[in-house]
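To start, the structure itself, in structure tokens.
Laboratory data are not the source of any read-out in this text; all were calculated from the coordinates shown. From a predicted model like this one, the values you see are computed outputs, not experimental measurements. Because the Cβ atoms are built from the backbone with ideal geometry, glycine has one as well, and the counts that use them run over all protein chains shown.
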């Protein structure tokens, strides 16, 4: 029995290969996600080891989670105390910052780089930094630069180097030496190393401060012991750890972010598996149909139902194992490629080889084989019901009537509607509501799969009318509707994927439109200055003042963020230059209280935060400023929830209260600029853009650009959807090919007859192509209908005031895509059909 | 084996077709019996019911000591596996298995080992000793049907049902297969029931029963082609068949 099973499996390997593709694909994603994270993790482990190698004890500021704000700095007394600890060989204190002080090129403009502008103090024995030419900085006006900056200048020892400091003023230094620091800083950053005092002046505006220190132990001293001793000297203002401890901490952080990368990839895996399961189900149904006689024979010579089920499931296990193995191999390759790609974006991370964790192997085989077997259960049951009489030449039992399917479909659909109705009102606030909605969507789709065979005739009739203007076209359309069950299963893979994608698309587009519309209604700013996307750069206060003075600028309202402690937790708190300006330009409105005037001890809060923290107008809020002091604020107004300013809002400058605590403050993240009524926005924009030439990473956006970006019109969600679509189309195409190939083989005799009565080869090809396109469009049309319907339902019931945006562009893409998929899928079967020898075909059994 | 008042109705209501109308039949052990009749007379249906491939609507069928009417699928499967052998018009060999593997398939399904002496005897009888490793596609029609005969014989079933075994063969190959079947009856004492519409084939059997319109109408012992043809003519003039 096993032998018969395996033999028949081998005889159909081509067909299985196409269906295996879906499983291969999902297993490949799955294993790739493991391999990628493991390979990166191995790379990071080595990178961190190289960082912390030779580091005995590190001292760094402790971030205080309750009083927040300013970290503690080491001063000269602290350093002296550390040096006095027995076992300390040397102490190197560090000062450093990035992207605040910029190197100016010979053309007088800030030099551009894809990395950062780094400043720091020169330390003779810094790991990963080697002096290559000249000497270390000795005077306050000397600087050592890295080779990349030297090349970009170009600068040589003895040359003058101008930098722009935090206040925008220019200072000139002399290049004392050139160092390589790729090992430490990566190979696309500019580095400038000054004397301690100069570095402190540039970073803090005052001397005698350090951000951390490296402590070297004398030979024979235990680093753990030394670490404990240093800690006891410094007290709990600082984190003191050994190099090894720091390495472990760093790796922990890295692993967490790698895990989230893997979670994201698993989404793709789930999608591919879902569709893949359909394809497997479809293929096995077809194989069972093809083997009908064979199965009947086995039944006639005494094989029990269990043996038949076992036979089909054995096929599934074999298929699943092979597919998993291939998928794993592909996944290892993909994972390595992905890791390489990510590694190029992470400075100084190099990978060697590829790591395949055991979990990747186990999960790949378990998931790949498990899904294949699960998908084969239904066809196996069907196979076991084959009547042995079929072996005697009797026709197979006619298809059972569809009434039961309709009943089941309606029942499941009703369940889905119920789940949606129950889940939707709660979906925005709770996770459980979201799960109910998800279950509802799945149930509705299942119902559609159940009633799909009933939809085949009417829908293909409709689609066919558009396509089938010729005799071959009509034949193709009829053929598509000939076996509604098989056509339905084939189209279901396409239907499900397009429905899911369309639901996502409809919701996403409606959300984008909702945000965009409300911003467009309320926001008054004509131009917005801020960091480039993905860049956490900041706008200097000086820049704001310069922009405000440009003729034609009515107001330049600035919003920035500081860290503050509220209610024992750290919050990013908004600081505004002028409450009235910001409220008007950013289009903020009040739910309660006033938001246009903000006193020195008044605070605004948005409604969501107010609800969460149980705050009302007039409530006192104590805020920790980071120096260990607490200030009493009062809630003055409550903001309508909006996309631009969320959480708490303070006024600037609250000088009298001791704010701001941060050395770098004031800096802003966004400038909302209004243009005078009479002024030309384009002229003003050009004037501002001129100022920004010296501010790398800061760009200016027009109102429309800004709204588009903020409302997520270019959002990643849409990119993910496009990728999913591509995936779904490929998988669906394979399904259609499978079905068509079988139809052509089954109808060999009929095709011969048609050829005999004069159907030309080209007409045969057209007939098969029409059948293919009709099947594939059937899936697309029903999927689109279901997707838009579900999407609209979810928006209407679950999202307040959102407009329903039907993604027509996506719909058009899918219909065209489905047509192309149908056409491509028909090529091989159509050619086969056209090549038939007429006489042989007519005699074909 | 014994059949008593077997009825078979396909479909229900308006579209009901009665294929068998109360057929009663006893088949002697160790005899070669043919069922004949015009197309649509119900001979194939009768055989399907006798063999446990299909279920009779009413009546009783007994193979050996087992009443197969009323058996559930599992019981019927066991009957087919252990007590019944089949020979089909279309040979019905698995194309992916060799001739030898096809012959042993029913035993493999049942998880039984072949009795080597009996296996050799069967192979010897069908005369395919040198072809066992060939695939069905490499064999002629007559050879394929002999493989099918060996497959039926090797399990030593109580009864072998042959459905138009010569229908797809030329006369020489057909004669060979019929000779083989007759020898199995004589030499091995195998009970065989054959459905055929070929009077020449029917002339090889011990007893012919005639079916018309779903009922037994006649029978003939020690038939010759001429006597069989006479009876068949009688059936068609009585208006039942189209033949």
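Data table
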quantity: Efficiency of FRET from Cβ geometry, residue A:317 and residue A:757, R₀ 41 Å, rounded to 0.05; calculated: 0.35
quantity: Residues A:544, A:237 arranged by fewest to most Cβ contacts within 10 Å; calculated: A:237, A:544
quantity: Chain A - percent relative contact order, Cα under 8 Å, separation 6 or more; calculated: 16 percent
quantity: Full-extension gain in nm, residue A:62 to residue A:411, via 0.36 nm per residue minus C-alpha separation; calculated: 119.6 nm
quantity: Inter-part distance where segment A:753-798 and segment A:252-290 are each reduced to a Cα centre, Å; calculated: 25 Å
quantity: Simple label model, 7 Å out from Cα along Cβ direction - residue A:549 to residue B:230, nm; calculated: 13.3 nm
quantity: Cα gyration tensor shape of segment B:108-199, rounded if a/c is under 1.5, else prolate or oblate by comparing a/b with b/c; calculated: oblate
quantity: Segment B:1-71-segment A:215-243 distance, computed between alpha-carbon centres (Å); calculated: 97 Å
quantity: Per-residue mean of C-beta atoms belonging to partner chains within 10 Å, peptide B:88-96; calculated: 6
quantity: Likely footprinting exposure, B:118, A:122, fewest C-beta neighbours within 10 Å first; calculated: B:118, A:122
quantity: For residues of A:301-313, the mean tally of beta carbons on other chains within 10 Å; calculated: 5
quantity: Mean separation of Cα contacts under 8 Å, 6 or more apart, over the residue count of segment A:72-240: relative contact order %; calculated: 33 percent
quantity: Residues of segment A:303-334 with amide N under 17 Å of the 7 Å Cα→Cβ point at residue B:74; calculated: A:303-310
quantity: Estimated [θ] at 222 nm from DSSP helical runs (n ≥ 4, -39500 (n - 2.57)) normalised by residues in chain A, nearest 500; calculated: -19500 deg cm²/dmol
quantity: Within a Gaussian network of chain B (alpha carbon springs, distance under 10 Å), most fluctuating of B:185, B:17, B:126; calculated: B:17
quantity: Protection-proxy order for peptides A:446-458, A:814-826, each taking the mean of Cβ atoms within 10 Å per residue, highest first; calculated: A:814-826, A:446-458
quantity: Gaussian network model of chain B, Cα within-10 Å springs - most flexible of B:156, B:67, B:207; calculated: B:67
quantity: Inter-label distance, nm, simple model (7 Å from Cα along the C-beta direction), residue A:454/residue A:630; calculated: 6.7 nm
quantity: Exposure proxy ranking, count of Cβ atoms within 10 Å, fewest first, for B:4, A:314; calculated: B:4, A:314
quantity: Shielding by partners - mean other protein chain Cβ count within 10 Å, residues of A:377-388; calculated: 1
quantity: Choice from B:16, B:125, B:202 showing the highest fluctuation, given a GNM over chain B with Cα pairs closer than 10 Å; calculated: B:16
quantity: Förster radius 60 Å - calculated FRET efficiency between residue A:426 and residue A:250 (Cβ-Cβ, nearest 0.05); calculated: 0.90
quantity: For segment A:538-615 and segment A:459-520, distance of Cα centres in Å; calculated: 48 Å
